[in-house]
1. Please enumerate the residues belonging to the range 120-144 that are under 21 Å from Gly73 (Cβ atoms), surrounded by 13 or more Cβ atoms within 10 Å (Cβ to Cβ) and at pLDDT below 95.
2. Could you please let me know if Phe117 is in contact (Cβ under 8 Å) with a residue 60 or more places away in the chain and either of a type in the set (S, T, N, Q) or surrounded by 13 or more Cβ atoms within 10 Å (Cβ to Cβ) (or both)?
3. Within the range 66-94, which residues are in contact with a helix residue (DSSP H, G or I) (Cβ under 9 Å, 6 or more places away or on another chain), outside any strand (DSSP E or B) and modelled with pLDDT of 95 or more?
4. Name the residues in the range 1-22 that are surrounded by 11 or more Cβ atoms within 10 Å (Cβ to Cβ), in a loop (DSSP other than H, G, I, E, B) and more than 19 Å from the chain's Cα centre (by Cα), would you?
5. Considering only the range 44-56, I want to know if a residue exists there that is more than 17 Å from the chain's Cα centre (by Cα) and surrounded by 15 or more Cβ atoms within 10 Å (Cβ to Cβ).
6. Any idea which of (1) outside any strand (DSSP E or B); (2) closer than 28 Å to Pro133 by Cα; (3) of a type in the set (S, T, N, Q) is the one Ser36 doesn't satisfy?
7. Just wondering, is there one or more residues in the range 55-62 that are polar (S, T, N, Q) and in contact (Cβ under 8 Å) with a residue 40 or more places away in the chain?
Amino acid sequence: MLGIDFVEGAIREARRKAEERGLHAKFVPMDALMLSAHEGRFDSVIDSGLFHVFSDEDRARYVAGLAHVTKPGGRVFLMCFSDEEPGSQGPRRVSQKELRDLFEDGWAVEEIRPERFEVVPDLEDIAFSAGGPKAWLSVVRREG
């Protein structure tokens, strides 16, 4: 198992939590936009809250990187802010159409379903929908 994050503090926290739970995982600092340069190939890739921070250009680059690191038949589990979340606070919203369009070539979209993000309860000056920000949970399979 490999976990990546651009922020070194997040890597330290992930390592600490894995150790506390007796999990064997490797965590490395890495820019997710550089996945195309990564040597590993994976059956499963999880993105929980990253996709929605990218610009349109970077989203396309990220999906190309995902294609590089996901084995044929492998799946990407992606959770991102939904365009059904009202307001403009927090990350940019993503529509189902955007997800389907970006994963059109070389992927099969198996599912896109509504979910909620769990957020820190004491956020100041930021308000989301009751129950947490609305999100899309997508499952896409790499073809080929």
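The values are calculated or read from the model by the stated rules, or taken from the named source; none is laboratory data. Fair warning: this is a prediction, and the values are worked out from it, not measured in the lab. With ideal geometry, Cβ positions are generated from the backbone for all residues, glycine too; neighbour counts draw on all protein chains shown.
1. none
2. Here the answer is yes, as Phe117 does meet what is asked.
3. Answer for the range 66-94, where residues must be in contact with a helix residue (DSSP H, G or I) (Cβ under 9 Å, 6 or more places away or on another chain), outside any strand (DSSP E or B) and modelled with pLDDT of 95 or more: Leu66, Ala67, His68, Val69, Asp83, Arg93.
4. none
5. Within the range 44-56, not a single residue is more than 17 Å from the chain's Cα centre (by Cα) and surrounded by 15 or more Cβ atoms within 10 Å (Cβ to Cβ).
6. So the condition that Ser36 fails would be (2).
7. No, because not a single residue in the range 55-62 is polar (S, T, N, Q) and in contact (Cβ under 8 Å) with a residue 40 or more places away in the chain.
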